Amino acid sequence: MLSQVPHRFGGHLLPRQSTSTIRIVPTVDTAIPRYDKPPVIEVALSVQFDRLSVTAAQLGLLWQKYRDRFPNLEEKPELDAVIERFGLPRTMIPTVRFEVCTLPASRLWFVSESGCDLVQIQRDRFIRNWRKTEDQPEYPSYEKQRAFFARDWELFSQFVSEEIKAPLTPNQCEVTYVNILDDFKPSQLPEVLSWVSGNRSDEYLGDPEDAEITLRYLLKDDEGHPWGRLHIVASPAIRALDNKPVVRLAVTARGAPDRKDTDSAMKCLDKGHDAVVRGFTSITTSEMHKAWVRII
């Protein structure tokens, strides 16, 4: 568990943004890299959809479908809608949403007994998280997380169809992996990230007190058209367990499914996972791959 950095997803920490932007075309025709000891501490699979007209009370009823596996219920503020847009200046991307409602918008957390698994639901978002805990310190693989997401999404879809009588129309899919790199100071980022040289023309500045890197890469389809972005953020954080400084490396793939249906959303998550793992491998050094025991 980490502290002193704002939260977005379950245990996700949102650092400040900087401005580096590079384009990349992901390769999907070779075996995806795998690690025996990856530094991942959290994974989130998310589908954003056209906003439902539903009350918080109705969403509360949904807990009954999950309560046997997620006995703990928490309420959090809603996440803002996020859409990856292309061909416009980034300053034009933010949008303002006006609503008239009698109750504050909320996001529900359905949390497992161990705290390892988490379902988050709001009026326009469904998120399935895995979080590293003492009871479950090993990441159980994307294939298992995908199966868990599909099962819990199906329960949600059935509820929306029966209770709200409205379709679910996915518009963005998101895959996020959060990694913690122990025993590294900001000045040691060149040892971790292949993108950072660490070279200086003289020794005037010395080692930085703090450092943060944000990179954005375009993700394109086979015809060269952008379908999403890969966001990579390396930032300092403090681990709450022992107040130890660590480097947090978050990799997020976000984009639109080919069609606004469940099958396309699942395929988009698969593409996002592919981009996240390949991007993580590309941005990190071969020395770190050895430490994480790369097997493919």
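What follows is calculated from the coordinates using simple rules that are stated; it is not laboratory data. Here the structure is a predicted model, which means the values were calculated and not measured. FYI the Cβ positions are ideal-geometry reconstructions off the backbone, even for glycines, and counts take in every protein chain you see.
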Ranking request for peptides 143-156, 62-75: highest mean number of other beta-carbon atoms within 10 Å first, then the rest in descending order.
143-156, 62-75
Virtual spin-label span in nm between Asn171 and Lys220, 7 Å along Cα→Cβ
2.7
How about Lys165: which lysines have a C-alpha closer than 19 Å to its C-alpha, ignoring those fewer than 8 places off in the same chain?
Lys65, Lys260
Dipole magnitude (debye, nearest 20) for the stretch 128-198, charges at Cβ of Lys, Arg, Asp, Glu:
200
Can you check what the net charge comes to around Asp68, using other residues whose Cβ is under 14 Å from the Cβ of Asp68 (Lys, Arg +1; Asp, Glu -1)?
+1
Please name whichever of Leu181, Ala150, Thr169 sits farthest to the positive end of the charge dipole of the stretch 124-187, dipole taken about the Cα centre and charges placed at Cβ: Lys and Arg +1, Asp and Glu -1.
Thr169
Cross-link partners among aspartates and glutamates for Lys267, C-alpha distance below 14 Å, same-chain residues fewer than 8 apart left out?
Glu143, Glu174, Asp221, Asp258
Once you have the Cα-Cα distance between Glu162 and Arg200, take 0.36 nm times their residue separation minus that, and quote the gain in nm to one decimal.
7.5 nm
Euclidean distance between Cα centres, the stretch 128-174 to the stretch 225-275, Å:
15
What ranking of His225, His231, His289 emerges when the number of other C-beta atoms within 10 Å of each C-beta is taken as an exposure proxy, fewest first?
His225, His289, His231
Only four residue types carry charge here, +1 at the Cβ of Lys and Arg and -1 at the Cβ of Asp and Glu. Report the dipole size of the stretch 197-296 about the Cα centre in Debye, rounded to the nearest 20.
320
What full-extension length gain, to one decimal in nm, is calculated for Asn243 and Lys267 as 0.36 nm per residue of separation minus the Cα-Cα distance?
4.7 nm
Eligible lysines near Lys37 by straight Cα distance, threshold 25 Å, same-chain separation 8 or greater
Lys132, Lys144, Lys185, Lys244, Lys271, Lys290
Packing rank of 175-188, 192-205, 245-258, where each peptide gets the mean count of other beta carbons within 10 Å, highest leading:
245-258, 175-188, 192-205
Kindly state, to the nearest 0.05, the FRET efficiency for Ile295 paired with Ala150, given R0 = 30 Å and r defined as their beta-carbon distance.
0.70
